[in-house]
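Engineer: Sharing a structure with you now.
The values are calculated or read from the model by the stated rules, or taken from the named source; none is laboratory data. No experiment lies behind these values; they were computed from the predicted model shown. In this analysis, Cβ positions are derived from the backbone assuming ideal geometry, glycine residues included, and neighbour counts consider all displayed protein chains. Surface areas here come from the heavy atoms of the whole protein model, side chains and all, with no ligands, DNA or RNA. Shrake-Rupley method; radii C 1.70, N 1.55, O 1.52, S 1.80 Å.
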Amino acid sequence: ALRVLAQDAATARIPVVALSANAVPRDIARGMEAGFFRYLTKPIKVTEFMDTLDLALKFAQRDAYSPPEGRSE
């Protein structure tokens, strides 16, 4: 799903957060290498989850005002 989102210009700049029960460091590293904005593990830590959402929204808002790579506006 992440690859499909990254290939579509309409969704490529949306920060995607992984939420998984796979909590071993190797799985987290693979998720981050794949391009996730953040990789959260279960059980959810509410503070970490809310902080991640805040960062993702700030990132998305900032990125919405930046031209896509290779384009100037």
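Engineer: Sort out which residues of the range 1-49 are in a loop (DSSP other than H, G, I, E, B) and either aliphatic (A, V, I, L, M) or at positive phi (or both), and write them in order of number.
Structural biologist: Answer for the range 1-49, where residues must be in a loop (DSSP other than H, G, I, E, B) and either aliphatic (A, V, I, L, M) or at positive phi (or both): Ala1, Ala9, Ala10, Ala12, Ile14, Val16, Ala21, Ala23, Val24, Gly35, Ile44.
Engineer: Report, by residue number, each residue of the range 28-60 that is open to solvent by less than 50 Å² (accessible area, probe 1.4 Å), of a type in the set (A, V, I, L, M) and more than 12 Å from the chain's Cα centre (by Cα).
Structural biologist: Within the range 28-60, Ala29 is the sole residue that qualifies.
Engineer: Please go through the range 4-27 and pick out each residue that is open to solvent by 70 Å² or more (accessible area, probe 1.4 Å) and either of a type in the set (Val, Ile, Thr) or in contact (Cβ under 8 Å) with a residue 24 or more places away in the chain (or both).
Structural biologist: Let us first name the residues in the range 4-27 that are open to solvent by 70 Å² or more (accessible area, probe 1.4 Å), namely 4, 7-10, 13-14, 19, 21-22, 24-26.
Result: Val4, Ala9, Arg13, Ile14, Leu19, Val24.
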